[in-house]
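The values are calculated or read from the model by the stated rules, or taken from the named source; none is laboratory data. From a predicted model like this one, the values you see are computed outputs, not experimental measurements. For neighbour counting, all protein chains shown are included, and Cβ atoms are generated from backbone atoms with ideal geometry for every residue, glycine included.
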Amino acid sequence: METLELLVRNTSEVLTVEGSHTEPAEKALTPQPNACVGVRRGKVWYVGPEGALPPGAVGPSTRVIDAHGQFVGPGFVDPHTHAVFAGERAAEFDLRTQGATYLQIAQAGGGIVSTVRATRFANEEDLIRLALPRLQMMLEYGITTAEVKSGYGLNLQDELKILRVVQRLSALQPLELIPTLLCAHAVPEEYREWREAYMDLCIREIIPAVAEQGLARFCDVFAEQSAFTLAEARRILVAAQKLGMKPRLHADQLTSNGGAELAAELGAATADHLENVSDAGIRAMAEAGVTAVLVPTSTLFLRVRPYAPGRKLRDAGVNVALGTNLNPGSAMSENLPLAMGLACLENGLTAAEAYWAATRGAALALGLNTYGRITVGDPANIVVFSCSNYRHLPYHLGINHARIVIKDGHVV
Ligand code: NIG
């Protein structure tokens, strides 16, 4: 018989994460005590007791990984990042330590548009060089798939440039990237007095060009007083939806404005942030099957309150996913385990719910049905951890517990 390429053995347990968000998360993680995982042709071929492996499955060419009695789970999926950008905003961080708010900094010419200036100035090679170490760090944390948004170009040529960079980066290194168009991230400086003209540019030029070139799976809008109104968000997302992009929304982040309700109305894949989501918004998301993507690192980083009501969202039956929101302004952090810790401490999730949110919950948010779990026949995206169970991830706060990361059957 064809032998295994890879065997991960001697585990405390393998979390296959094959359940659903509607059952208790501890059950949904579907632990297989002391199981091993066999990989063939980049796919999971076997999960179960080592003693039940068919004779001949392990041969001289099989790479055997000893988990040293620690636990194994699926590669993390990060469903919300802005990982491609130039420049940095450390001075803004320092201004916030002295009491300035995110909005005040934006109104004074900092914020998103300052990253737009730097990103427009960079060419594709610069952006690739700057993003590679961030992606490497994410991989080291055990993230094997991540969504990346545009949104720092805010004109046709620079939005296309960022999305081409995302495509090139995905081919250049092992972390798989899922692209999202975010041309409605902010109104660019040169259109400040001409909002309607920028809406036109998005709807008539940027969205059609991105759709034609197949550069984005999702289209996202920052729906907020300081960015786009709900009516504008609806127009952008309807236009993108008509051309095959699935809607997503930065919703109810700084103020409660009905973003979650709009996400439900449009049948969006996700509503993200949700710090100020209303009870009606939660109900609407549950009914429409919209995933909530929580990004508590930015709530911490911006020094705002409240944290998103993760507990209420789960209890209402919403699938809850968790992202880093890696970006230079509101969350300069690749650390998804830190987000898991914050999700437990501040969003009201249990450790099992946070683990679900960073694996299967996030994969489903991105429509990746064969990701975020360890199931026979699925791509072998696997992490061998340096601790005996998943509770140590939020508990030993902000530490990297991933020891070996496997993407499509390759140790990376
Ligand atoms: O998801 N809220 C809007 N977008 C980002 C922040 C981007 C930035 O400040 O550069 C977020 O938090």
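Structure above, values below:
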{"read-out": "Enumeration of residues in the stretch 1-30 that are farther than 19 Å from ILE65 by Cα and outside any loop (DSSP other than H, G, I, E, B)", "value": "ALA25, GLU26, LYS27, ALA28"}
{"read-out": "Residues that are touching a Leu at 6+ places or on another chain (Cβ under 6 Å) and in a helix (DSSP H, G or I), drawn from the stretch 179-206", "value": "GLU205, ILE206"}
{"read-out": "Index of the failed condition, LEU366 passing every other in (1) crowded, with 23+ Cβ neighbours inside 10 Å; (2) in contact with a Lys or Arg (Cβ under 7 Å, 6 or more places away or on another chain); (3) not acidic (Asp, Glu)", "value": "(2)"}
{"read-out": "The stretch 209-224 residues that are in a helix (DSSP H, G or I), paired with ones that are among the small types (Gly, Ala, Ser) and surrounded by 24 or more Cβ atoms within 10 Å (Cβ to Cβ) (beta carbon under 7 Å, 6 or more apart)", "value": "VAL210/ALA216"}
{"read-out": "Single match in GLY142, GLY153, GLY99 (criterion: assigned by TED's automatic domain parsing to the domain that holds GLN253, more than 13 Å from the ligand (Cβ to nearest atom) and surrounded by 20 or more Cβ atoms within 10 Å (Cβ to Cβ))", "value": "GLY142"}
{"read-out": "Residues (within 15 Å of the ligand (Cβ to nearest atom) and in contact with a helix residue (DSSP H, G or I) (Cβ under 8 Å, 6 or more places away or on another chain)) located in the stretch 128-139", "value": "ALA131"}
{"read-out": "Lone qualifier among LEU393, LEU342, LEU349 - being under 27 Å from PRO247 (Cβ atoms) and either of a type in the set (Ser, Thr, Tyr) or assigned to a helix (DSSP H, G or I) (or both)", "value": "LEU342"}
{"read-out": "Qualifying position, being of a type in the set (Asp, Glu) and over 15 Å from the mean Cα position of the chain (by Cα), among GLU346, GLU334", "value": "GLU346"}
{"read-out": "Hits in the stretch 229-267 - residues which are among the aliphatic types (A, V, I, L, M), in contact with a Gly (Cβ under 9 Å, 6 or more places away or on another chain) and in a loop (DSSP other than H, G, I, E, B)", "value": "none"}
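Table: residues versus (1) under 27 Å from the mean Cα position of the chain (by Cα); (2) in the same structural domain as ARG248 (by TED's automatic domain parsing); (3) in a loop (DSSP other than H, G, I, E, B).
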{"residue": "VAL39", "(1), (2), (3)": "yes, no, no"}
{"residue": "VAL44", "(1), (2), (3)": "yes, no, no"}
{"residue": "HIS68", "(1), (2), (3)": "no, no, yes"}
{"residue": "ALA83", "(1), (2), (3)": "yes, yes, yes"}
